[in-house]
Amino acid sequence: MPDADDLLTGLDPEQREVALALRGPVSVVAGAGTGKTRAITHRMAYGVATGVYKPTEVLAVTFTTKAANEMRVRLRELGAAGVQARTFHSAALRQARFFWPHVYGGEFPEVTQSKFPLVAEAMRRLGKRADTPLLRDLSSEIEWAKVSNITPTAYAAAAGPARREVADLSAGDVANVLASYEEVKRERGRIDMEDILLVTAAILADDERIAARVRQQYRWFVVDEFQDVNPLQSTLLDLWLGGRDDICVVGDPRQTIYSFAGASPQILASFARKHEGAQRIELVRNYRSTPQIVAAANAVFARTAAADGVRLLSQQEPGDPVTYVGFPDELAEANAVANEIALLHRRGMPYREMAILYRINAQSEAFEEALGEHGIPYSMRGATGFFNRAEVRQAVTLLRGSARGGETEGHLVDDVRAIFSAMGHTDDPPTAAGAVRDRWESLHAIVTMASDLAEAAPTAGMTALVADLDRRIEQAHAPAVDGVTLATLHSAKGLEWDAVFCVGMHEGMMPSVHADTPVLVEEERRLFYVGVTRARHDLMISWAASRKPGGRGSRQPTRFLDTLLPAGHQARQVSAQARQRKVAKCRVCNEILAVADRKLGRCSTCPATYDEELYETLRAWRKEQATEQGKPAYVIFTDATLQSIAEAKPADAAALERVPGIGPAKIEQYAASVLALVEEAR
Ligand code: ATP
Ligand code: MG
């Protein structure tokens, strides 16, 4: 077991404060990338090492199984193997299983793996049909109602104010589904995931003896990602505590992005009211991102009334500026991002250290295609690739069948619409968000491909469309383990990459059109913030003024960039300006530069104008530095910066600082050695 004091040495002063606050209520309000997990795992290990905690009496609750596993590994490494690290579900399930026979007698009921069959039966009993996306939306709604402590009878009254909408069902319809679902479940002797928490809470609330046993077992509680705790989990936590207050919660109110699933951004704030005299510790030092990225993250909240959350302070060296860029259309955007990724890769950044983040899954297609075209491997997080989605496969199969059945020229879009209407597709989007809307977006994307094709080639028929789809399928198909991550902002939570591209960030997408109240807009703001704070080193935020080439160009960049884009400019002008910046010319041949070559200042195909020997010397020096500091090489200087140095051959620090990508911190750290190498090469 490590020495107790050793456990404190790797922590900064605030993290150390967390580790030392072993007793009583503690709330850690910490920003993104401030080392929350590090602080709480060290705290538990320190408590164990000093003998204050008996390891088996500590329960650490996390948001996902993945996070629980990671925490268990970290605790073992820190000599606190006996500590329980679990999700709310797994902790509750253990207790419910154990006490069920004592309370209710008999075997613990079977836990349903999926709600779909039960929801389908509930719908059937109500004389309604439901396809998979609707089953998914109804299941989410049932989960929301249950974790929010809303019964089927109370649902209709609660749904309106909470702005709940499920496809085109009325609140009364949904309430009936909720009631019928519970009935079907009971008849079949099953329980669901939420019941596990409900049952555990009921047992603890009703049986004093059992509650006492559980409370004797666990004396010390730690909750990670507390901002996403829902009312049901909060109730359970209170029952575990039973009036005691040895609890430490960690969270970032600016990262609450699961309100639609029942979490509340107020829950962290109300902790202090509930636990009087709670010690509050803020972690503001961000270890993940460059000051440029951290400044952008802070600016996202600059003009909001929300005082919650912390302003971050970067602990990293200055890096490149954040890029904000508007493209004329989505094709140009996807190509530019793919180009930029190819460039970063050539400069030594592994693909797995890069991510493209978007608001909804339907946005992935253009990027899958552009990456495929560039031969860049990628993998999708938490979703299947566009052409592997059930509705898209079904749609393509139907179109293929229609193409085989013969051609009718000139009606391509109408033909596609007719085929899709048999799949239940409508011209107008469903009003509610959710799986039904996702499915609509997927099919709509194919209708759009058809109309693009029809516009480009007015005589194109179904065969041509199928050929075009096949080309896209072929091109998009490059999934790989060591690939660029494609993910929605939601599924990027808690993760980090060297380079992050937040794409499709225009009004209507970010915030989503569904966010039509200030409260919903704030949730979207937090989601945007989660995206921005995923990046360690490079961040590009982009949008397209039109969906397709030659479009009207009326889309505006997201309002969350208002404080970040140059002041006094209308968004439109900014996007025009961004486009202008994009038409920078090559300094060798004076041709318009590809986006990927912007940093280079010349076409990558044009001859280098720098001293190549000096460049190689600088690279060798950089490699030594990287090895010595245990950092990736491009964090020290990018290839482009080294090329610029080899080109400019600066004679002194002032000249060196004029090289793009070099700021005061780099000057202080590296000027002497770099200038010496330049001098030698003269
Ligand atoms: P998020 O809010 O995005 O989930 P987080 O607060 O959980 O972020 P971590 O992912 O735990 O942050 O930490 C971010 C990075 O900072 C990790 O790579 C971690 O190792 C590093 N880090 C944390 N604390 C320190 C420290 N005191 N010294 C050096 N590195 C640190
Ligand atoms: Mg985290």
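General remarks:
- Per residue, region 608-681 exposes 50 Å² of solvent-accessible protein surface, assessed with a 1.4 angstrom probe and all protein chains in place.
- Anisotropy class of the chain from Cα gyration tensor, a/c 1.5 cut: oblate
- Mean sequence separation of contacting Cα pairs (under 8 Å, at least six apart), scaled by the length of the chain, corresponds to a relative contact order of 14 percent.
- Dipole-positive endmost among Val674, Pro660, Gln643 within region 608-681 (Cβ charges, Cα centre): Pro660
- Glu225, Glu70, Glu524, reordered so the largest accessible area comes first (probe 1.4 Å): Glu70, Glu225, Glu524
- Region 1-74: C-alpha gyration tensor shape, a/c 1.5 cut-off, then a/b vs b/c: rounded
- Once the chain from Gln113 to Thr151 is taken as fully extended at 0.36 nm per residue, the excess over their C-alpha distance is 11.5 nm.
- Spin-label proximity, Thr431 to region 155-198 - amide N less than 19 Å from point 7 Å beyond Cα toward beta carbon: 155-177
- Global form of region 406-519, assessed from the alpha-carbon gyration tensor, a/c cut-off 1.5: oblate
- Rounded to the nearest 0.05, the FRET efficiency derived from the C-beta distance between Arg125 and Arg552 at R0 = 51 Å is 0.60.
- Extension reserve of the Asp238-Thr397 stretch, reckoned as 0.36 nm per residue once the Cα distance is removed: 52.0 nm
- Residues Glu276, Glu194, sorted by accessible area with the largest first, give Glu276, Glu194 [1.4 Å probe; ligands and nucleic acids excluded].
- Put a dot 7 Å past the Cα of Asp470, heading toward its Cβ, do the same for Thr65, and the two dots end up 4.0 nm apart.
- All lysines inside 24 Å of Lys274 as judged from Cα atoms, apart from same-chain residues fewer than 8 positions distant: Lys36, Lys146
- Convex hull of Cα atoms in region 608-681, direction-averaged projection (nm²): 4.3 nm²
- Per-residue [θ]222 nm for the chain (sum of -39500 (n - 2.57) over DSSP H runs n ≥ 4, rounded to 500): -15000 deg cm²/dmol
- Assigned charges on the beta-carbon of Lys, Arg, Asp, Glu; region 113-191 dipole about Cα centre (debye): 220 debye
- Taking every C-alpha pair closer than 8 Å and separated by at least 6 residues, the mean separation divided by the residue count of region 25-106 gives a relative contact order of 27 percent.
- Estimated FRET transfer efficiency when R0 is 22 angstrom, pair Ser90-Arg219 (beta carbons, to 0.05): 0.70
- Charge dipole magnitude, Cβ of K and R +1, D and E -1 - the chain, Cα centre, debye nearest 20: 840 debye
- Bridge type composition, the chain - antiparallel percent by DSSP, nearest 5: 10 percent
- Whole-number accessible area per residue in Å² for region 388-473, which is evaluated in the context of all protein chains at 1.4 Å: 48 Å²
- Taking every protein chain into account, the 1.4 Å probe leaves His89 with about 60 Å² of accessible area, to the nearest ten.
- Averaged over its residues, region 113-191 has an accessible area of 50 Å² per residue, based on protein heavy atoms and a 1.4 Å probe.
- For region 388-473, the convex hull spanned by the alpha carbon atoms encloses 86 Å³ per residue.
- With every protein chain in place, the chain: carbon and sulfur % of accessible area (1.4 Å): 51 percent
The values are calculated or read from the model by the stated rules, or taken from the named source; none is laboratory data. Everything numeric here is computed off the predicted structure, so don't read it as measured data. Using ideal geometry, Cβ is built from the backbone for each residue, glycine included, and neighbour counts are taken over all protein chains shown. Areas reflect the complete protein model, heavy atoms only, side chains present, ligands, DNA and RNA absent. Shrake-Rupley method; radii C 1.70, N 1.55, O 1.52, S 1.80 Å.
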